Amino acid sequence: LAKEKGKNCYQFYNSSLNDQITRKMNLESGLRRAIKNNEFILYYQPLVDLSTGDIVGMEALIRWKHPKLGVVPPSEFIPLAEETGLIIPIGEWVLKAACKQIKDWHDKGYHQMSIAVNISVRQLQKKDFVKTVKKVLQETGLEAKYLELEITEGIMLDVDELLTILNELKEAGIKISVDDFGMGYSSLSVLKHLPIDILKIDKSFVNGIVNDERISTLVKTIIDMGSSLNFSTIAEGIETREQADFLTRNRCNIGQGYLFSRPLPANEAEKQLEVIKRYGV
Ligand code: C2E
Ligand code: MG
Ligand code: MG
Ligand code: MG
């Protein structure tokens, strides 16, 4: 790049930019090997019924234990995986591992629990996406109704294209959540035509619930709108009792956040399941 643009570019080559580029290159080449080397692991964060305190599901959140760099957060490597197309095999690994884990929990007696899996737009766009999901369900023996695919609002591709895919998923009995709701551009008029089951209110709204009246009004409106469209509502990023109380009072269905539990490795998440109604909302 520097060569192309001539010598005026040299000032960009300070060491910190160099470090960033080197890191990115390391991450990218590492990503290619990470699945094979078992460097990915799923953490699970409980989804809590706000009216009973029961754990009704878990969201699977990927972590990468890089051999040299330590734990790399998804915010850093998921965009890179999307850029390089590696999100396809990574996403398939996530789906399979998550379905397998929840099936295992069902078999241990924790029935009715659902698993929420984040899906990138690149995955949705693959022609065989629905087929892949069905194959994973078949291989793991998980019933489709326990699987919730989280898509972010921003990704709304072409509406017709999206509608076709979502309808196929719905026909297969799989549930769809709109993640980070409120952060993207999708209009309510688009949403009401899509076969969506769940709205996940973004944590930046939850964060402002207690101190910012405009935000609390907005959140109430989202919950009401969600319930009138027959969506279930989930609030993410609940950190305080006050936030949980507000959401419960305003009939948000489900809560997720550090107040209840941080995302945990499977064996630790399982311990949370052992105590029913632990959170006593
Ligand atoms: P997300 O799907 O919106 O996940 C929620 C994020 O909020 C997670 O961050 C979670 O650890 C964090 N969180 C949960 N409770 C709280 C809280 O009380 N306070 C705060 N401040 N944060 C909370 P995480 O695990 O770092 O994941 C970040 C994002 O990376 C996810 O956002 C999702 O978009 C993406 N991601 C994670 N796993 C996957 C995956 O398997 N596939 C894809 N495509 N994306 C993933
Ligand atoms: Mg999510
Ligand atoms: Mg989210
Ligand atoms: Mg988010």
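Do you know which of the residues in region 111-133 that are of a type in the set (Ser, Thr, Tyr) and more than 17 Å from Gln256 (Cβ to Cβ) is surrounded by the fewest Cβ atoms within 10 Å (Cβ to Cβ)?
Once the filter is applied, the top-ranked residue is Thr132.
State which residue pairs qualify: first residue farther than 16 Å from Ile196 by Cβ and inside region 225-242, second residue more than 9 Å from ligand 1 (Cβ to nearest atom) and in a helix (DSSP H, G or I) in any location, beta carbons under 6 Å apart, and separation of 6 or more residues or different chains.
Listed by first residue and then by second, the contacts come to Ala235/Leu247; Ile238/Ala244.
Taking region 174-230, which residues are modelled with pLDDT of 90 or more, within 16 Å of ligand 2 (Cβ to nearest atom) and within 23 Å of Phe129 (Cα to Cα)?
Passing the criteria: Ile174, Lys175, Ile176, Ser177, Val178, Asp179, Ile196, Asp197, Ile198, Leu199, Lys200.
With Ile102, Ile201 as the choices, which residue is touching a strand residue (DSSP E or B) at 6+ places or on another chain (Cβ under 6 Å) and within 16 Å of ligand 4 (Cβ to nearest atom)?
Every option except Ile201 fails the conditions.
How many residues does region 81-121 contain that are among the polar types (S, T, N, Q) and within 12 Å of ligand 1 (Cβ to nearest atom)?
Number satisfying all stated conditions: 2.
Among the residues of region 207-257, write down those that are under 20 Å from Gln45 (Cα atoms) and of a type in the set (Lys, Arg).
Passing the criteria: only Arg241.
On the basis of being more than 22 Å from Val130 (Cα to Cα), in contact (Cβ under 8 Å) with a residue 40 or more places away in the chain, open to solvent by less than 40 Å² (accessible area, probe 1.4 Å) and not aromatic (Phe, Trp, Tyr), does Leu86 make the cut?
No.
Just checking: which of the strands (runs of 3 or more DSSP E) contained wholly in region 16-78 hold 3 or more residues that are closer than 23 Å to Lys271 by Cβ?
Qualifying strands (runs of 3 or more DSSP E): 40-49, 55-66.
Is it true that Leu95 is under 20 Å from Asp197 (Cβ atoms), open to solvent by less than 10 Å² (accessible area, probe 1.4 Å) and modelled with pLDDT under 95?
No, not satisfied.
Results for (1) of a type outside the set (Val, Ile, Thr); (2) open to solvent by less than 20 Å² (accessible area, probe 1.4 Å); (3) in a loop (DSSP other than H, G, I, E, B), shown as yes or no for each residue.
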position: Val206; (1), (2), (3): no, yes, no
position: Val219; (1), (2), (3): no, yes, no
position: Met225; (1), (2), (3): yes, no, no
position: Glu239; (1), (2), (3): yes, no, yes
position: Ala244; (1), (2), (3): yes, yes, no
position: Thr248; (1), (2), (3): no, no, no
position: Cys252; (1), (2), (3): yes, yes, yes
position: Gly257; (1), (2), (3): yes, yes, yes
position: Ser261; (1), (2), (3): yes, yes, yes
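The values are calculated or read from the model by the stated rules, or taken from the named source; none is laboratory data. Since the model is a prediction, treat every value here as computed from it, not as a measurement. Every residue, glycine as well, gets a Cβ built from its backbone with ideal geometry; the counts of neighbours run over all protein chains shown. Note: areas computed on protein heavy atoms with side chains; ligands, DNA, RNA excluded. Shrake-Rupley method; radii C 1.70, N 1.55, O 1.52, S 1.80 Å.
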